[in-house]
Every structure is written in C-alpha cells, then in structure tokens.
Amino acid sequence: MERKHFDYTRHMTKHGQITIIKKKQLAKMLGVSPSTIYRMNKSQSLPKPLYCPSGYIKGWLSTAIDNWVTENSR
C-alpha cells in the first residue's frame, strides 16, 4: 500500500493556524501596486517571503506582515 506524504504546511494553513498572504493581497493591504511589492521585496524592505521549490514567491506569513506594519507605523 502506497503511503501519501504528509504536507505539514498545507495542514497548518488549512486549519487557520497560519495564514499566507499572496502578493496581490499584500499590495491591496498596503495600498500599492504589485510592482511596488516586487520592488520593496527586491530592496529587502519587506519581510522575507516564502518561496516554492521552483523559486517563485508563494507569499508572506501574515504574522510577519502584521509585525512589519506595526514596526513601520511608529
């Protein structure tokens, strides 16, 4: 019998324990364009994003973005 691989990340996000914010969602939250998010990420002014194995940005942890917004609103 073949056993399926347990995806811990999918399990955590499925039950709402961790939320991942996509680039378009983040742009809308911050009131900027997705291109600006790209530039902010390139200049490392945003928290580090999560990457998929192929190297593309998957999104940002909501807790990291919440902390970043709080620190930068002072």
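The values are calculated or read from the model by the stated rules, or taken from the named source; none is laboratory data. Being a predicted model, the structure only gives us computed values, none of them experimental. Reconstructed Cβ throughout: ideal geometry from the backbone, glycine too, with neighbour counts over all protein chains shown. To get the accessible areas, we keep the full protein, side chains included, count just its heavy atoms, and leave off ligands, DNA and RNA. Shrake-Rupley method; radii C 1.70, N 1.55, O 1.52, S 1.80 Å.
When nucleic acids and ligands are ignored and a 1.4 Å probe is applied, S73 ends up with an accessible area of around 90 Å². The phi-based Karplus calculation (6.51 cos²θ - 1.76 cosθ + 1.60; θ = phi - 60°) puts the 3J(HN,Hα) values of segment 25-35 at 5, 5, 4, 5, 4, 8, x, 10, 7, x, 5 Hz, whole numbers, x for Gly and Pro. For K58, the residues 5 or more places off, or on other chains, whose built amide H falls under 5 Å of its own are L50, Y51, C52. Each Lys and Arg Cβ is given +1 and each Asp and Glu Cβ -1; about its Cα centre, segment 24-74 then shows a dipole of about 160 debye. Couplings for segment 48-62, taken from phi via the Karplus curve 6.51 cos²θ - 1.76 cosθ + 1.60 with θ = phi - 60°, read 5, x, 8, 10, 7, x, 7, x, 7, 6, 8, x, 10, 5, 4 Hz in order; Gly and Pro are left as x.
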